[in-house]
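**Q** Before we start, here is the structure in question, set down as structure tokens.
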Amino acid sequence: MPPMVSIIIPTLNEEKIIVGTLVSLRRLDGEFEVIIVDGGSRDRTRDLAVATLKQFPQGRLIESPRGRGPQMNAGARAACGAVLLFLHADTLLPADAIRQIEQITKNPKIAGGNFALQFDGPDVWSRAFTRIYNWRRRFGIYYGDSAIFARREVFDRLGGFINAPIMEDYDFCRKLERAGETALIDSPAITSSRRWGGFRTAYVLMIWVLLQWLYLIGARPEGMGWIYYPKSFKLRCKRAAAR
């Protein structure tokens, strides 16, 4: 019998897209469960997710302290599947995702893997980032938006995701690459291009490169969040100064 796959989706204020993401999972063939892990949304994310999850035989919402790493770890603890698939709320899986994972994990040497990635925008930058991302995958460089999956026993052995505001996915994929063979599923996951547009494009690309090199030379992800989230960092500083 093929292993059941647990699809774990961390959310925070995703009311605009969570229903579409969940509805897209109804196309998947195979045995899977869906676990939404909400990090304290202040919009209608939880209500919309709970209502939509009723369409699934195995679907539920749990809550966790905010942070993608802690949220995904909480989802892993609650999961029943032998394979854990971590899906961003703005990423859509290909229709054959579960069957592909079932086939791949028949090989006991495979520790986990991810999907080829396609950014959904019609602009030249979305096409360029799609090519860059998939070229980098040849060197074992990939992130959570490509729907990382891992055998449960491997995930537990690696200690899950670190509690960091950034790079928790890259840190995990580096550990996963060292844990055994990994597979790249050619059917692409489709992810949102909402992070860039106009002047933000060059900024996003620069930040990606900077964060990766800082990580590779030994910078701790726990201290790098201010680079990617400067507004949140300034707000925390103001709050601390006001105490």
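The values are calculated or read from the model by the stated rules, or taken from the named source; none is laboratory data. Just so we're clear, the structure is a prediction, and the values are computed from it rather than from any experiment. For neighbour counting, all protein chains shown are included, and Cβ atoms are generated from backbone atoms with ideal geometry for every residue, glycine included. Protein only, heavy atoms only, side chains kept; ligands, DNA and RNA dropped before computing areas. Shrake-Rupley method; radii C 1.70, N 1.55, O 1.52, S 1.80 Å.
Residue by residue, here is whether (1) without any contact (Cβ under 8 Å) to a residue 60 or more places away in the chain; (2) closer than 16 Å to Ala189 by Cα holds:
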| site | (1), (2) |
| --- | --- |
| Ile7 | no, yes |
| Leu12 | yes, no |
| Arg26 | yes, yes |
| Asp29 | no, yes |
| Val37 | yes, no |
| Ser41 | yes, no |
| Val50 | yes, no |
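**Q** Scan region 135-154 and tell me whether some residue there is farther than 23 Å from Ile9 by Cβ and open to solvent by less than 10 Å² (accessible area, probe 1.4 Å).
**A** Yes, some residue in region 135-154 is farther than 23 Å from Ile9 by Cβ and open to solvent by less than 10 Å² (accessible area, probe 1.4 Å).
**Q** Among the residues of region 151-168, which ones are at pLDDT below 95 and of a type outside the set (A, V, I, L, M, F, W, C)?
**A** Asn163, Pro165, Glu168
**Q** Another question, then. Starting from residues that are closer than 20 Å to Pro108 by Cα and touching a residue at least 40 places away in the same chain (Cβ under 8 Å), keep the ones in region 161-184 and report whichever is surrounded by the fewest Cβ atoms within 10 Å (Cβ to Cβ).
**A** Restricting to residues being closer than 20 Å to Pro108 by Cα and touching a residue at least 40 places away in the same chain (Cβ under 8 Å), the top hit is Glu181.
**Q** Which of the following residues is touching a Pro at 6+ places or on another chain (Cβ under 8 Å), on the phi > 0 side of the Ramachandran plot and not acidic (Asp, Glu): Gly140, Gly67?
**A** The unique qualifying residue is Gly67.
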